[in-house]
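Quick notes on the structure that follows.
The values are calculated or read from the model by the stated rules, or taken from the named source; none is laboratory data. Quantities reported herein were computed from a predicted structural model and do not represent experimental measurements. Here Cβ is always computed from backbone atoms with ideal geometry, including for glycine, and neighbour counts include all displayed protein chains.
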Amino acid sequence: MNSLAFAIIQTATGVPKPNFDDNSVTPTWVGFAFTFGVAAIVVLLSIDLVRRIRRVRYRGEIREQLEAERAAADRAEADKMGDDPRE
C-alpha cells in the first residue's frame, strides 16, 4: 500500500530531470582506489584463511599420528608383559 501511495505522489509531483549526462558520470580514481583496496583485502584474507586451514589440518594429522604411535607402544608394552588389552 505504501509503495502504491508513493508511486501516485511521485507521478503527481513529477520527478525533476538531472542536469547531467548519465554516461559521463564516472567514479574517478577514488572509486578505483576503493575497489582495488577491497579486492586486495579479500585476497589477503583468503591467503590467511588457507594458511589457517592448512595449519589446523596438519595439527590434526600430527595428533592422529601421535595417538597411533602411543597406541602401538601401549600394545607393544602389553605384549611384552604378557597382557592382552584386546581381551
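N2 meets the conditions (1) at pLDDT below 95; (2) surrounded by 10 or more Cβ atoms within 10 Å (Cβ to Cβ) in every case but one. The failed one is (2). A single member of R59, R75 is surrounded by 10 or more Cβ atoms within 10 Å (Cβ to Cβ), of a type outside the set (S, T, Y) and at pLDDT 95 or above, and it is R59.
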